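K.L.:
The structure follows.
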Amino acid sequence: MQRLPGIYFAPSDKGGRGVFSAIYISVGTLIEVCPMIVLPAEDFQKIHDSSLHDYYFLWGDEENQCAIALGFGSLYNHDYEPNARYFVDPEDETMEIHAIREIFPGEEITVTYNGHPDDKSLVWFEDPEYDKEKK
């Protein structure tokens, strides 16, 4: 696992914990490489129904699997105007976090849970139509 020195987790105003930087990070900088624990499709519903629900990523060509990011990977909070972006590598079972704008000391590092910074559609926890029990 690789992580930029000066990255830490702490309580977040967004809720729970978040990932923060104690250093200046320039655009394009690789912040972290997170190994992923990829679970088989038959375990998807178990994870979805557990307390890990808020921490998994959809995985696989059909998104019928889920994966938990190690390192700080599952602690990055959502923002519709993120300062970082994640990229998954299914072959290596890793996720990389890269800065997409300058990040200053003390700033929380955020990603969009939609996958692409231009996607402003509601995420599951803000969508009134989302029903966790039906998934």
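K.L.:
Among the candidates GLU62, GLU42, GLU81, single out the residue that is in contact with a Ser or Thr (Cβ under 9 Å, 6 or more places away or on another chain), among the charged types (D, E, K, R) and loosely packed, with under 12 Cβ neighbours inside 10 Å.
P.N.:
When all the criteria are applied, what remains is GLU81.
K.L.:
So, one more: Filter region 5-51 down to the residues that are closer than 20 Å to ASP92 by Cα, among the hydrophobic types (A, V, I, L, M, F, W, C) and touching an Asp or Glu at 6+ places or on another chain (Cβ under 9 Å) and list them by number.
P.N.:
Matches in region 5-51: LEU30, ILE31, VAL33, CYS34, MET36, ILE37, VAL38, ALA41.
K.L.:
Please enumerate the residues belonging to region 8-24 that are closer than 15 Å to VAL111 by Cα, assigned to a strand (DSSP E or B) and not charged (D, E, K, R).
P.N.:
Those that are closer than 15 Å to VAL111 by Cα, assigned to a strand (DSSP E or B) and not charged (D, E, K, R): PHE9, GLY18, VAL19, PHE20, SER21.
K.L.:
Right, next: How many residues are more than 12 Å from the chain's Cα centre (by Cα) and either assigned to a strand (DSSP E or B) or among the charged types (D, E, K, R) (or both) when one looks only at region 63-93?
P.N.:
Initial filter on region 63-93 (more than 12 Å from the chain's Cα centre (by Cα)): 63-66, 80-81, 83, 89-93.
Of the ones still in play, those that are also either assigned to a strand (DSSP E or B) or among the charged types (D, E, K, R) (or both) are 63, 65-66, 81, 89, 91-93.
The total comes to 8.
One line per residue, one yes/no per condition, for (1) of a type in the set (S, T, N, Q); (2) modelled with pLDDT of 95 or more; (3) over 20 Å from HIS78 (Cα atoms):
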{"position": "ILE7", "(1), (2), (3)": "no, yes, no"}
{"position": "PRO11", "(1), (2), (3)": "no, yes, no"}
{"position": "LYS14", "(1), (2), (3)": "no, no, no"}
{"position": "VAL19", "(1), (2), (3)": "no, yes, no"}
{"position": "VAL27", "(1), (2), (3)": "no, yes, no"}
{"position": "VAL33", "(1), (2), (3)": "no, yes, no"}
{"position": "ASP49", "(1), (2), (3)": "no, no, yes"}
{"position": "ASP54", "(1), (2), (3)": "no, no, no"}
{"position": "GLY60", "(1), (2), (3)": "no, no, yes"}
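K.L.:
Can you pull out every residue in region 25-39 that is under 13 Å from ALA99 (Cα atoms), in a strand (DSSP E or B) and not charged (D, E, K, R)? So that I can check it myself, show each step before the final result.
P.N.:
As a first pass, look at region 25-39 and keep what is under 13 Å from ALA99 (Cα atoms): 25-33.
Filter once more, so that each one left must be in a strand (DSSP E or B): 25, 30-33.
Within region 25-39, ILE25, LEU30, ILE31, VAL33 meet the criteria.
K.L.:
Now for a different question. Somewhere in region 107-127, is a residue of a type outside the set (D, E, K, R), modelled with pLDDT of 95 or more and out of contact with any His (no Cβ under 7 Å at 6 or more places or on another chain)?
P.N.:
Among the residues of region 107-127, at least one is of a type outside the set (D, E, K, R), modelled with pLDDT of 95 or more and out of contact with any His (no Cβ under 7 Å at 6 or more places or on another chain), which makes the answer yes.
K.L.:
Of all residues in region 73-111, which are among the acidic types (Asp, Glu) and farther than 15 Å from PHE57 by Cβ?
P.N.:
Listed by number, the residues that qualify are ASP79, GLU81, GLU91, GLU102, GLU107, GLU108.
The values are calculated or read from the model by the stated rules, or taken from the named source; none is laboratory data. What you are looking at is a predicted structure, and each value in this text was computed from that prediction instead of being measured. Glycine gets a Cβ as well: all are built from the backbone with ideal geometry, and neighbour counts include every protein chain shown.
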